[in-house]
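The values are calculated or read from the model by the stated rules, or taken from the named source; none is laboratory data. All of these numbers come straight from a predicted model, not from anything done at the bench. Here the Cβ positions follow ideal geometry from the backbone for every residue, glycine too, while neighbour counts run over all protein chains shown. Keep in mind that these areas ignore ligands, DNA and RNA; they rest on the heavy atoms of the full protein, side chains included. Shrake-Rupley method; radii C 1.70, N 1.55, O 1.52, S 1.80 Å.
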Amino acid sequence: MEKIIKNRFFIFCFFISVLMLSISYLSQYLWKLQPCKLCIFQRLLLFAIAAISIFSFALKKKLFAIRLLQFLFLGSFILASYHTAIIYGYISD
């Protein structure tokens, strides 16, 4: 049962990161919004999350992968918050 829950967590992380990447690429290529430096860094974090989610199925010790994904999601959240604060003028770049 515990293995099934962990595998669902990896699937969830993969689909969330792919969804977020899809939205960012749609906005870039469909609506012609060019990404800034911070957008590119966020995409790199999301690619890392997707890759780790896929490769974590092969790992025997899944707790390390779970902690790494949590850390990457936290980093992505902090970067997105910083990015939003710059956009709305709360922080100067």
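This table checks each residue for (1) out of contact with any Phe, Trp or Tyr (no Cβ under 9 Å at 6 or more places or on another chain); (2) closer than 15 Å to Phe73 by Cα; (3) not β-branched (Val, Ile, Thr).
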site: Ile5; (1), (2), (3): yes, no, no
site: Leu21; (1), (2), (3): no, yes, yes
site: Ser24; (1), (2), (3): yes, no, yes
site: Lys32; (1), (2), (3): yes, no, yes
site: Phe41; (1), (2), (3): yes, yes, yes
site: Leu45; (1), (2), (3): no, yes, yes
site: Ala50; (1), (2), (3): no, yes, yes
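Looking only at residues in region 39-57 that are open to solvent by 90 Å² or more (accessible area, probe 1.4 Å) and free of Cβ contacts under 8 Å to residues at least 12 places away in the same chain, the one that is nearest to the chain's Cα centre (by Cα) is Leu44. If you go through region 59-84 and keep only what is of a type outside the set (A, V, I, L, M, F, W, C), in a helix (DSSP H, G or I) and either open to solvent by less than 30 Å² (accessible area, probe 1.4 Å) or under 18 Å from Phe9 (Cβ atoms) (or both), you end up with Lys62, Arg67, Gln70, Gly75, Ser76, His83.
Filter region 17-38 down to residues that are hydrophobic (A, V, I, L, M, F, W, C) and open to solvent by less than 40 Å² (accessible area, probe 1.4 Å), then give me how many there are. Give the derivation first.
Taking region 17-38 as the starting set, the residues that turn out to be hydrophobic (A, V, I, L, M, F, W, C) are 18-21, 23, 26, 30-31, 33, 36, 38.
Imposing the further condition that a residue be open to solvent by less than 40 Å² (accessible area, probe 1.4 Å) reduces the set to 21, 38.
Adding up the residues that qualify gives 2.
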